[in-house]
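What follows is one structure encoded as structure tokens, with my remarks underneath.
The values are calculated or read from the model by the stated rules, or taken from the named source; none is laboratory data. Since this is a predicted model, take the numbers as computed values, not measurements. Here the Cβ is made from the backbone with ideal geometry for all residues, glycine too, and neighbour counts use every protein chain on show.
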Amino acid sequence: MKRAALVVLTFSIAARADGLFPPWNDPLDVPLPTWAHSVASKKSDTPIFAAPGRIDLKRATTIAGARLPLYGSQRGAQCEGRWLHVGAASWLCSDLAELSADAPTDDPPPVASDGLPFRYYFVGKNGASGYANLERAGEEAPDEDLDPGFAIAATEERESRGQRWVHTRHATWIAASDLGAARASAFHGEDVGLSGLDFAWVLRDRLNVYNAPNLSGKAAGTLTRREVVKWREEKAAGGGVAARISDDGETPARWVDARALARPTLAPPPEVTNERWIDVDLATQTLVAYEGSKPIFATLVSTGVGRGNDPTATHKGTFRIWVKLLSSTMDNLESNDKDDSAHPAIEGPRYSIEDVPYVQFFDKAIALHGVFWHDDFGKPRSHGCVNLAPRDAARLFSMTTPKLTPGLSAVLPAERVELGTIVRVR
């Protein structure tokens, strides 16, 4: 990842003594209308701040039209109207929003069965043209040219003048004939039971199973890529290591080459804490989510292809998530870097992927996020980010803090209110 298009910007309630339910009003100000139950921003990515008038304290951004809860109001600088209290450490200027009699939005954005929040398409080998106006699409000069391999997220499709058009989330119409639908990986991680991290994933397309740890002779069977197997014990086998995947007492025993397995390993919390945190193991390309010292979920990931301080490496260390976005555009259009190893689905030096899903930045521009352009989880693959299968990315996104509540497109932590989840890379 070379650049993330990233537009992101308490719960202290000054309640009236006689006010039992929101919205609460400043007793010295004109009361908010009694019919107002929510606040709707007038456009996408309207900024929310952690305190009235503190535009240096960015807190979140909104989804256009979504209705946020209304808790109260307060006058303050940087807003001609008044600051509306819309959530924990969250204030929105009334100049940029409208009061609504409707209840707040309760439901998060829908997620498809493949884990993706939108439908995605890749631009074909001949490139594509984008138009702002569907009625004149294809008849006038395009408003945008897209290179082969660029990826777009769609909001709708329509027929016009005998052909089908796809409307992107960035308000561009593209001929469907110039696009190919993305196919997300069906892979997903595993819940961790009472027996703990006693399993592993097969990394090879075909892995022989033997009845003895010497891993020789006639194979007793085969396993396929990403099958989940138990890990019962390991023994030296010639120049390598054999892992027993059969239960204790099971006959005949079953052994495989341990080098062909990715096994998540138990790790102590990075500090004395009972909070939820995430452990990323570069050696095994696995991720484990914990509640304190208890593992609760594990999966395969793809981390950076670089090592050490290389710009394409996933850096070791302990971090906290500093911003979460429902989606973020990632590209290298402002870079002179000609290496495109992170996104081999894209042929050529330039890439642009609109609305990469479930993005959680933890180390500057390095993030946990979902991918739909490869299915190589268990191997390094990225420019430094931690790539996740879509269903795993959606699950982790819902588990971590700060919480992205309905109506928000992005959220940052707030001091003393909601810290970002710890992410440790080792």
- Query: When Asp281 is evaluated against the numbered criteria (1) surrounded by fewer than 18 Cβ atoms within 10 Å (Cβ to Cβ); (2) within 30 Å of Asp355 (Cβ to Cβ), which criterion, by number, is the only one it fails?
  - Reply: (1)
- Task: Look at segment 395-423 and say how many of its residues are among the basic types (Lys, Arg) and either farther than 14 Å from Ala50 by Cβ or crowded, with 21+ Cβ neighbours inside 10 Å (or both).
- Result: 2
- Lone unmet requirement of (1) surrounded by 15 or more Cβ atoms within 10 Å (Cβ to Cβ); (2) outside any strand (DSSP E or B) for Ile174: (2)
- Task: Go through segment 36-97 and tell me which strands (runs of 3 or more DSSP E), entirely inside it, have 1 or more residues that are farther than 10 Å from Gly407 by Cβ and in contact with a Leu (Cβ under 7 Å, 6 or more places away or on another chain).
- Result: 47-49, 58-62, 72-74, 83-87, 90-93
- If you check Ile48, Ile55, Ile63, which single one turns out to be modelled with pLDDT of 95 or more and either closer than 22 Å to Leu326 by Cβ or in contact with a helix residue (DSSP H, G or I) (Cβ under 6 Å, 6 or more places away or on another chain) (or both)? Ile48
- Query: Of everything in segment 21-45 that's among the β-branched types (Val, Ile, Thr) and surrounded by fewer than 18 Cβ atoms within 10 Å (Cβ to Cβ), which residue is farthest from Leu325 (Cα to Cα)?
  - Reply: Val30
- Give the residues of segment 143-171 that are farther than 19 Å from Pro110 by Cα, part of a loop (DSSP other than H, G, I, E, B) and within 26 Å of the chain's Cα centre (by Cα), sorted by residue number. Asp147, Pro148, Gly149, Phe150, Ala171
- Scan of segment 233-253 for residues that are crowded, with 17+ Cβ neighbours inside 10 Å, closer than 18 Å to Asp198 by Cα and either within 34 Å of the chain's Cα centre (by Cα) or of a type in the set (A, V, I, L, M, F, W, C) (or both), ordered by number: Ala242, Ala243, Ile245, Ala253
- Taking Glu156, is it in contact with a His (Cβ under 9 Å, 6 or more places away or on another chain), surrounded by fewer than 18 Cβ atoms within 10 Å (Cβ to Cβ) and within 20 Å of Leu333 (Cβ to Cβ)? no
- Message: For segment 103-152, give me the residue count where each residue is surrounded by fewer than 17 Cβ atoms within 10 Å (Cβ to Cβ) and among the small types (Gly, Ala, Ser).
- Response: 8
- Query: Would segment 198-221 turn up any residue that is surrounded by 13 or more Cβ atoms within 10 Å (Cβ to Cβ), under 28 Å from the mean Cα position of the chain (by Cα) and among the β-branched types (Val, Ile, Thr)?
  - Reply: yes
